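Scroll down for the structure; my scribbles are underneath it.
The values are calculated or read from the model by the stated rules, or taken from the named source; none is laboratory data. Here the structure is a predicted model, which means the values were calculated and not measured. Heads up, the Cβs are rebuilt from the backbone with ideal geometry, glycines too, and the neighbour counts pull from every protein chain shown. Just the protein is used for accessible areas: all its heavy atoms, side chains included, with ligands, DNA and RNA removed. Shrake-Rupley method; radii C 1.70, N 1.55, O 1.52, S 1.80 Å.
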Amino acid sequence: MEKSHENEHPIKAFGWAARDTSGVLSPLNFSRRETGEKDVQFKVMYCGICHTDLHQIKNEWGITKYPIIPGHEIVGVVTEVGNKVDKFKIGDKIGVGYLVLTANGTHSDGTITHGGYSDLMVVNEHFIVRWPDNLPMEAAPLLCAGVTTYSPLRYYGLDKPGMHIGVVGLGGLGHMAVKFAKAFGTKVTVISTSLSKKDEAIERLGADSFLVSRDPEQMQAAGGSLDGIIDTVSAVHPIFPLLNLLKTNGKLVMVGAPEKPLEFPVFPLLSGRKLVGGSAIGGVKEIQEMVYFAEKHNITPDVEVVPMEYVNKAVERLKMEKSHENVEAFGWAARDTSGVLSPFNFSRRVTGEKDVQFKVMYCGICHSDLHQLKNEWSNSIYPMVPGHEVVGVVTEVGSKVEKFKIGDKVGVGCLVGSCRKCENCDNDLETYCRDLIMTYNGVYTDGIPTYGGYSDIMVTNEYVVHWPENLPMEAAPLLCAGITTYSPLRYFGLDKPGMHIGVVGLGGLGHKKEEAIDRLGADSFLVSRDPDQMQGAAGSLDGIIDTVSAIHPLLPLINLLKTNGKLVMVGAPAKPLELPVFPLLLGRKLVAGSAAGGMKETQEMIDFAAKHNITPDVEVVPMDYVNTALERLLKSDVKVTGEKDVQFKVMYCGICHSDLHQLKNEWGNSKYPMVPGHEVVGVVTEVGSKVEKFQVGDKVGVGCMVGSCRKCENCSVDLENYCPSQIPTYNGYSLDGTLTFGGYSDMMVSDEHFVVRWPENLSMDAAPLLCAGITTYSPLKYFGLDKPGMHIGVVGLGGLGHMVVKFAKAFGTKVTVISTSANKKQEAIERLGADSFLISRDPEQMKAAMNTLDGIIDTVSAVHPILPLLMLMKSHGKLVMVGAPEKPVELPVFPLLMGRKLVAGSCIGGMKETQEMLDFAAKHNITPDIEVVPMDYVNTALERLLKSDVKYRFVLDIGNTLNKK
């Protein structure tokens, strides 16, 4: 039996220790310090095995000190007390949790602390809790799992009867969260990847409902239903779907500690004022409170008591339970817009009860893959595994799958999910469902990207078709090219014998003629650039299937149609085509479109192809040829004023950074033509008959929105900015279906509810207050960062950042500006009045400022690390994001857990708060720093804004410089 090599203490002890990163535990003789005057020595009776022990014994966190005796869920009986101990006596039952540090820490004398996998312990009485007599001693995990879940429920106010709380994960922490939440009188929903845990959650633990996080219908139906969520999962997992489950102002609290940062989507925080916080165990006082609460409500963890020599087996079993449910997969993925593919290890979900898992045998390369890989449609999600023409062999089926069995040949096309309840889905037209989930480059409602068939295995729900035995598996392109052409022929009635059908897109030059007629069996061939041929065939076709994706003229094709002829587009040109209307009118012709087909029709097409021996012409290539194959493929080829409306002449309009994104469609939702501008100030010229708040001649402003539903929970509490039906000032749709146009214009018309009164003593060119102002004022107020004497950090000193400084100083707080640029220090302190300045890239400055800030307003829109910011905050500090990075930022969970800090978002403010902000700004003489420019300077201003060449906002002088000529 090994003996510890560290300095000897007077008390001999015995335990089980790990010596190295293997994590294997074996007996160890060591020593404890003698019982000091404030110490309690006790015989260890029970010690829980925590997931943390797994990480520590294998040095997975890189801080382990060997030999290590784990254990921080310890219950025992006092055997000796120091002469100044007041609270305990010999024979008392007591508990010790994480806070000595119990294991893998360092005593004040420099020796390593050893935990509860041992026979006795010596601990200062302050860190000991009294164990109630009627609480079983083997309920030791209360000292970690218990307080880890009890504490955030209490601290974040999720302990109010009637609240609806979600619990993610049903393991050691999760089951405790359920028990405490139910004892508090809340409604509880368990969220898990595993349907098999439903009965346990509801029938045994008393949860009220259960969500399978990978079931898109369940997750969508539960959207906006939870007041808070306790997330106990330690594996890397998506938090976007969890944020979608929260109501406005909901709280997602992390108590599990993923080994890597999570992808942190900022938009859901901004648009719902939701927060993401963390919590780690609790203080000794709270632990004692929790233990008594557990005793009172008969709350105990579910445990399996095992002998000491079983410890390694127990650790192995715990490790197996810890592993995140997934199926390892391998494919080729693109990481960026270069579109270059390379090997990629990833995971698929486990096979659910209605799922089919299959080995991929063949996958077609579609022209769509080219567009998606290079983000040419502005919606690509990286890393991307393409492929939606996938054929394989079933290797596993879920318990409720009826149509398929292991060994079946199957195919998956362009979709792997839909809502299953809309009119289109009811009519077997899933491909036209608004909630369609694409086979790749889509997102499940659990937030996991979909990965396609350039991979070894796939797992999908019932969006699978049977592959006929007599159909070659390499005919995979039938699943896209096949159904895309079969479906419109059937739907538009172009499948009648004797009809004359035109096909556009086998090549535009004469050298394709032989292939078309001799090999494919076409009856005739037209060269579209030969006017004589085209004129000679005019009025001869019943229908045309146009497969061309390039820009091309439609008039010659329409002229080929007979009266009542049909031109059906199945190619997707990147830009709109010119549509001549006269030929349609004079011949009652139609131009339509068609995209793939539903599942029923796809199966019908596959069976038809097998019956008629129809296969695509293919060249089969190996996987490592994919980039060459892609290269070769590329080479082939305003409204009237209503009764509640206010019309006003626009005098000034700010240029916001959002305008840049929208103008260039960088957020993928731009609608053209677009008139930007949502910081608009002007003078009323006309009011509707029922307008009560404004009259002609009033100065008014319009910010980021011009409409909302006015009846939802958010609207009812003056938070129209979080209304799901909010109508943006520009690039949105009015209730009448027309586009909204913004303030880069001479006049505007808006419902009076969405107009604010502009104070007389506030300069009208201070228009950016309507976006930058409210965006920074609102989070300071809502998150309680407006108290005099507080210390507030401001990240970024641009259009938003300089406004935070001004408002925070007006509230009476101390302000520190945090920037990457040292040359902004003088500006921040001498001109804007900040109290101090930190260069975020200076590690010494950042280290010296750790734990000094009560809160931080982060205005940066670029992707940037938030760990250094979290380290600047005191315990319970609040980091509020108001900038919107285009990609998720990495969210390190440990700093949230260890300081009960939170990360939240905020997006502008409601109409009431916007008016309050303007009145506050007028009272305190707060205006943005601006450069006023004429309207015809707008493009130059946008270019300079892109380069950050302005302090700090441009404002267009619309009233004096907008000339219609």
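Remarks
- Taken about its Cα centre, the chain carries a charge dipole of about 1560 debye when Lys and Arg each add +1 at the Cβ and Asp and Glu each add -1 at the Cβ.
- Relative contact order (percent, whole number), region 5-63, Cα cutoff 8 Å, 6+ residue spacing: 33
- Pair Leu577, Phe127: separation of 7 Å Cα→Cβ label points (nm): 7.5
- Qualifying lysines (Cα of each under 24 Å from Cα of Lys575; at least 8 residues distant if same chain): Lys374, Lys566, Lys589, Lys635, Lys664, Lys671
- Among the listed pairs Lys274/Lys878; Lys247/Lys421; Lys160/Lys274; Lys787/Lys887, those beyond 21 Å (Cα-Cα): Lys247/Lys421; Lys787/Lys887
- With protein chains left intact and a 1.4 Å probe, residues in the chain average 45 Å² of accessible area per residue.
- Beta bridges by DSSP in the chain, antiparallel share as percent, to the nearest 5: 60
- Note, ³J(HN,Hα) from phi for region 655-672, Karplus 6.51, -1.76, 1.60, rounded to Hz, x at Gly and Pro: 9, 9, 4, 4, 4, 4, 4, 5, 4, 9, 6, 6, 9, x, 10, 6, 10, 10
- C-alpha center-to-center spacing [region 810-864, region 272-293] in angstrom: 30
- Computed label-point distance, nm, for sites Val932 and Thr563 using a 7 Å Cα→Cβ extension: 6.6
- Calculated FRET value between Tyr155 and Arg204, using beta carbons and R₀ = 30 Å, to 0.05: 0.60
- Spin-label model, Thr615 to Leu318: label points 7 Å out along the Cα-to-beta-carbon direction sit 5.7 nm apart.
- Gap separating the Cα centres of region 553-604 and region 180-254, nearest whole Å: 47
- Aspartates and glutamates whose Cα lies under 18 Å from that of Lys814, excluding same-chain neighbours fewer than 8 positions away: Asp786, Glu827, Glu830, Asp835, Asp854, Asp858
- Annotation: amide H of Cys656 within the under-5 Å range of His678, sequence separation 5 or more or interchain, hydrogens built in the peptide plane.
- The calculated FRET efficiency for the pair Glu474 and Glu886, based on their C-beta separation and a Förster distance of 45 Å, comes to about 0.70.
- Value of [θ]222 nm, deg cm²/dmol, for the chain, DSSP H segments ≥ 4, -39500 (n - 2.57) each, nearest 500: -6000 deg cm²/dmol
- Shape class for region 875-941: oblate, because the ratio a/c of the largest to smallest gyration tensor axis (alpha-carbon atoms, square roots of eigenvalues) is 1.5 or more and b/c is at least a/b.
- FRET efficiency for Asn627 and Ser194, using Cβ-Cβ distance with R0 set to 35 Å, rounded to 0.05: 0.40
- Share of carbon and sulfur in the accessible heavy-atom surface of region 383-480 [1.4 Å probe, %]: 50
- Loop-located GluC sites (Glu not before Pro) in region 708-768 whose Cβ has at most 12 other Cβ within 10 Å (DSSP): Glu760
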